[in-house]
Amino acid sequence: MRLGVSGKIFLAYTVLLLAFTANATFTLVVIHRARQGVVANEAYLDLQGSVDAAWKSLNDFAPSLGRNLRLDPNLALGLRMTHKHLDDAQAAIDLYNQREPLSSRRHDFEVKRRQIGALRDQADELARELGAAEVANDPQARPDFDSHFATLTHSLNRMRRPLRGESGQIAQQLRDDEETSLQIALGLGAVGLLIGVGAFVIILRTLQPLRTLRARAQQVAGGDYGRRIGAASHDEIGELVREFDTMAAAIQEREQRLIRSERLATVGRMASQITHEVRNPLASIGLYAELLGDEITGEPGAEARRLLASIASEVDRLTEITENYLRFARFPQAKLEREDLGAVAAAVLEFSRAELAQAGIALEVEVESNLPEIAADESQLRQALLNLVRNAREAMASGGRLRVTVDAPGGSPRQVRLRLSDSGAGIPESDRAKIFDPFFSTKEKGTGLGLALVQQIVAEHGGRIDVASEMGKGTTITLTFPALAEQVGSPSEDSAVAEERAAAMKKALA
């Protein structure tokens, strides 16, 4: 699972929050348990004090009961004090139950409350017996009273001893909980610290490429386009770094294109100068050759006339080259009208059918029906298609097959596509990136302007030209034009490159 920057930061803070929550929860639990222990200890101390006081109120009279025939007159007061102390003990238990209704010790306190209630009832019974006349006057009733008094005193004494132990156990438990809580708190603190350090390191490593990206942006601003950052992460920052590398590569390519454009402009200025210097002398040479041919008559002049014909042919070829240069540099603005690309292509191919048949090339034409119209200059489209057909014919010197299709790619009404496929030798991979460069040609007498002119025409129509070629299997050139309803005048990337080159040439040859 790949996490983005926001996911990593969220995960880090979630872990920290969980650690903090665990520490805080544990602290609250410990505090709550300590408070419960303190409250229970206070209740046990109050209970112990009340039971001790009740026991002492009776224990002072215990030695005199068996020896004296007369009862101590303060014994009734002692029984009342015992009753009061036992009431205080029950009140302490009731207060604890009120403060800690969910305590685990509630059951123990309820048991002790019932025990104290029974002892209080015994004290009340003794008080009633003491108030009866037969106890004071009848010696036979004294043994029962003394026995009940001794039982009550023994029960109080037996009850107060465990209360001291309970209080001590709570105090020891509080000390043990304190040590355990301290150790666990230190452990949780250490774990939270480690988690915090780990989260900081993760966030720092996640954001580290931003510093490199900033430095690289400064280098790109200074003109250094060659180095790439590279990013191994798959989060948003990694995508940003990869997009930046792509942008730097695009800027570098655009810079190289601009340099090539400047070079083309320089070559164009040279070609313009040469063209202007050569055109007039060529015209004069051609005229003089014709006049000289008219002057030569008779059989001895046959060889001279043949040489003059060769001169005139070469002059015509040089004139065509200069005209191509000027046509490319001074390419006219397209006069866009509603045109049927299929009809224009069919007319051009019908015109070239005889020439192709003479070269041993079989022509196949397939035009889809009901194609949308395009905004185009018919003469320029014809010129582009004738150049492509001528290149295909020259690529199949020993004959072959030329297939031309006109359709809508994917059935879309927004575009019209023309595909021209030949069965020639194909274009070497090393030449494919340069076939649209002006003056680049693999032909011995080629000018290198044919495909450049085609690309310029396609660019003027807002279209795109693509080339696919495989050595030994032929070449396919695809022209894609926007349908008339979608014509917005925004050329594609290839169109922009062609316009850039054409602008440089026009600037140089103007």
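Computed from the coordinates by the stated procedures, all read-outs in this text should not be read as laboratory data. Quick caveat: nothing in here was measured; it's all calculated off a predicted structure. Every residue, glycine as well, gets a Cβ built from its backbone with ideal geometry; the counts of neighbours run over all protein chains shown.
At a glance:
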read-out: Nitroxide proxy distance, nm - points 7 Å out along Cα→Cβ at His154 and Glu129; value: 1.3
read-out: Linear extension gain, Gln358 paired with Arg317, 0.36 nm per residue minus alpha-carbon span; value: 12.5 nm
read-out: Per-pair calculated FRET efficiency, R0 = 22 Å: Val467 and Glu253 via Cβ, rounded to 0.05; value: 0.75
read-out: Segment Glu429-Ser398, length gained on full extension (0.36 nm per residue, minus Cα span); value: 8.9 nm
read-out: Net lengthening on full extension, Val111/Thr14 (0.36 nm per residue, minus Cα-Cα); value: 30.2 nm
read-out: Two-site FRET efficiency, Asn59 against Asp94, from Cβ-Cβ distance with R₀ of 45 Å, rounded to 0.05; value: 0.95
read-out: Inter-label distance, nm, simple model (7 Å from Cα along the C-beta direction), Glu290/Ile184; value: 11.3
read-out: Label-point gap, in nm, between Gln218 and Arg33 - each point 7 angstrom along Cα→Cβ; value: 5.7
